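The values are calculated or read from the model by the stated rules, or taken from the named source; none is laboratory data. Treat the numbers as computed from the prediction; the structure is a model and nothing was measured. Note: ideal-geometry Cβ built from the backbone for every residue, glycine included; neighbour counts use all protein chains shown. We work out accessible area using only protein heavy atoms, side chains counted, and drop any ligands, DNA or RNA first. Shrake-Rupley method; radii C 1.70, N 1.55, O 1.52, S 1.80 Å.
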Amino acid sequence: MIVGVAASVLLADRWRASVLRSNKAAFHSTATDLGRTLSAKLDSNSALLRATRAIATIDPNAGETRLTAWYRQYSRGATGSPGAAAELIEPVPASRLAAFGRTVEGEPAFRALLTGPFKITPAGVRSRYCLARAIVGPAGIGSNLYPPLLDYCAPTLPGIGRSPFATLFNSAATTGTTIVTAIPGFALTAVGAAVYRLGTPLVTAPERRRALTGVVGVSFNSDTLIRSLLVGHDSLALTLYHRNVGGPLTLVGRADARAGGGAPSPSYSQRRDLGEGWLLATSGTADHAAWADGQGLIALLIGLLITLLLLLVYRVLSVSRRRAWGLVGEKTGELAYRALHDPLTDLPNRSLVLDRAGQVLARARLLGVTVTALFVDIDGFKQINDRFGHQAGDEILRQVGARLKTVLRDNDTVGRLGGDEFVMVIDSIGVNALPELVAERILDVLRQPFELPAPATAPAILTASIGIATGLPANAEALLLDADLALFKAKAIGKNGYALFESAMQTDAQHRMRLELDLADALEAKQFSLVYQPMLDLHSERVVGVEALLRWNHPSAGLVRPDVFIPIAEENGLIIPLGQWVLEQACAQGAAWRAKGHALNISVNASARQLERPEFVDEVGATLAQTGLDAKALTLEITETVLMRKPDATAQLLARLKTLGVRIAVDDFGTGYSSLAYLRQFPVDSLKIDRTFITGLTRSSEALALAHTLIQLGKALGLQTLAEGVEESEQVRELQREGCDLAQGFLFARPMAPDALEAFLDERRAPLVEVSAAAPG
């Protein structure tokens, strides 16, 4: 009896807990569904706002007639908020009021909204009026929300009091972001966004105010919207909030379907972020909550009546079996889902995107329409991972995926292909917006600040590049490939924008692919060579070194520029054997010159890929032993950007190199972001000041001040300084006055072959020559 009573009590308690969990799960499921429904309605309102803003931007003269015709096409199948209306408001100076009146009265559609003569509400003479140019919405709604000739910028409004629209108008115009405000006394919510003159700069607030042509506002009854969600849910209460960018969380609307507004016991709550600043709070219980205490009592009585041993055995066996089958079913469904979705963003992966794109292409061919794919890549995403860690990078990717889903429709597809690459496939059926407008909407959404987890203390501002491909290619792979080529063009022209696919891009890609294939055989075919450019001591004006530059003489294309083939070698890894070849050739040439009586110091530029390999130190030592060059005669040059990529690991590798006896130089100094503390951490011997600081040395006081700072920094650290790209005698005199040690450039000599360099050295009778070999550069 003791065992039986204990088992029965335990059974009853577990049964009651299960009922409570079921009630809670039912509540959260219902709350989640309501949040998704509300999010879809708010997204539809946002889409109406963006689309109206795009029309007003492209066609500044659009009025009631034009926007009403457009809205009839746009609203087919739309599921926005009940009573939502869009309004185009134009700032009208007092001097243009009469002309504005003639314009709107000349439009039959707008004149139909007027109930009398052209009379502004409230009356009064003001320097500027904010008047509706057009009001669109469901039949009868647009003109009933506000009078057509209401001055939204008036200090006070009839029936409202202090005007909230003036603040909405100014905030939207100044910040360039979407602003949401509640209209007191009317249960209305207004969502506004500024319309700017097309093609004008919008970086600063003054520029945005000058470029302002109007404000588009979408208004809807927030209480009606929330109450419409509670139909059939008598045990719930909903509260909708919104937070503008940089502002506090503000109550928008609330509805309580519970009898007397009380909270039943037990009561649950859920807060759901709907995106774009919207937050929905749901409280209450499940719609048909089970009686947990009663069911627990019944379970206790049953447990006391049934044979304890048989009941225990049966329950263990049955529960175990159900759980096993449940786990099998859950895991099977989860595996099937994960096979087609990205685990980080929960977006479709490449396989699912290609499948959906193929379906869209097949349907488009039957209907004779085109399909559009947009490739989106986050600019500078690697810097987020390097600076804040991969956790912050993953959070950025999740937020980007969520924002992209708000831009497109339900029948469009947005997926993640990997890394920071996203793709969107747009079904052209029922789409009125051009692909360029879709790209602008995407860029606008992604320019909003991103919140980062600790240790980041401020939001991140990112930009994106978009490649657009439109047409009916042979298959989905070809469509995505065309968009990818357009993305490459968007990156090349400066990022933070978009580019349309052109057939010439395929030709460029094929040319790049041929170069990549030829590059793999160029080293074995002995198509590479080194040329040398002298460096001078600025005090004695004697030649004290030469820099060796890598050249590729292609058998059919001729001389290929290093800035063309070096990035290809960096991407495919060929830079490692190519860099080793440069190191061997430079050291061998230096040893040969030493044998002829020239005291040679060899300086080799090490690439980022080489420095990532721990065996690079052993390769340098082996090369010195093989060529017979003294380690003290070798200097390894590392660009400042590569130096700061992984400072701790790079410092350890440089320390190992220093044990060999070689020298370390920082190339292109001043173009990176290194600090004095980091420079002191590295075992550096010399700094090579980038040519960008030397070019304007005699023409700009700022350039002179920068060069002075860099040279003095080298002196303070006890490092040798060298100026690159010297082309004028005045530059030499300024560098001598600043105390710079060495210089090189076309003023002294251009790069030369080894034999020509020897003749040049004999003419100058230089007793000491230093050779700098640039391995891939």
task: Quick one: which residues, 5+ away or cross-chain, put their amide H under 5 Å from the amide H of Leu236? H built at 1.01 Å from N.
output: Ala257, Arg258
- request: First measure r as the distance between the Cβ atoms of Thr250 and Ser729, then evaluate 1/(1 + (r/R0)^6) with R0 = 51 Å and state the FRET efficiency to the nearest 0.05.
  value: 0.15
field: Accessible surface of the chain [probe 1.4 Å, protein heavy atoms]: carbon and sulfur percent
entry: 56
query: Can you run phi through the Karplus equation (6.51, -1.76, 1.60; θ = phi - 60°) for the stretch 199-211 and list ³J(HN,Hα) in whole Hz, with x for Gly and Pro?
result: x, 9, x, 10, 7, 9, 4, x, 5, 5, 5, 5, 8
Listed candidates (1) 79, 68, 54; (2) 144, 74, 56; (3) 102, 94, 57 - label of the one calculated as Cα extents along the principal axes in Å: (3)
- prompt: Once the whole set of protein chains is in place, how much accessible area is left on Asp521, using a 1.4 Å probe, in Å² to the nearest 10?
  reply: 90
query: Quick one: Karplus J couplings for the stretch 372-386, per residue in order, coefficients 6.51, -1.76, 1.60, θ = phi - 60°, nearest Hz, x for Gly and Pro?
result: 10, 10, 10, 9, 10, 10, 6, 6, x, 5, 4, 5, 5, 5, 5
- prompt: Solvent-accessible area per residue for the chain at a 1.4 Å probe radius, Å²?
  reply: 49
Folded to 0 to 90 degrees: helix 2-58 orientation relative to the chain principal axis, Cα: 70
field: 5 angstrom amide H check on Gly214, placed H, neighbours 5+ away
entry: Val195
message: I'd like the Karplus ³J(HN,Hα) series for the stretch 219-227: coefficients 6.51, -1.76, 1.60, θ = phi - 60°, whole numbers in Hz, and an x wherever there's a Gly or Pro.
response: 10, 8, 7, 5, 5, 5, 4, 6, 5
- prompt: Cα axis of helix 308-338 to longest principal axis of the chain: angle in degrees, 0 to 90, nearest 10?
  reply: 50
Most to least packed among 129-135, 400-406 [average Cβ atoms within 10 Å]: 129-135, 400-406
task: Report, to the nearest 10°, how far helix 292-305 tilts away from the longest principal axis of the Cα atoms in the chain, using its own Cα long axis and a range of 0 to 90°.
output: 80
message: If you average the C-alpha positions of the stretch 199-253 and of the stretch 523-588 separately, how far apart do those two centres end up, in angstrom?
response: 59
- prompt: Amide H to amide H, which residues 5 or more places from Ser603 or on other chains are under 5 Å from it, using H placed in the peptide plane?
  reply: Thr635, Val771, Ser772, Ala773
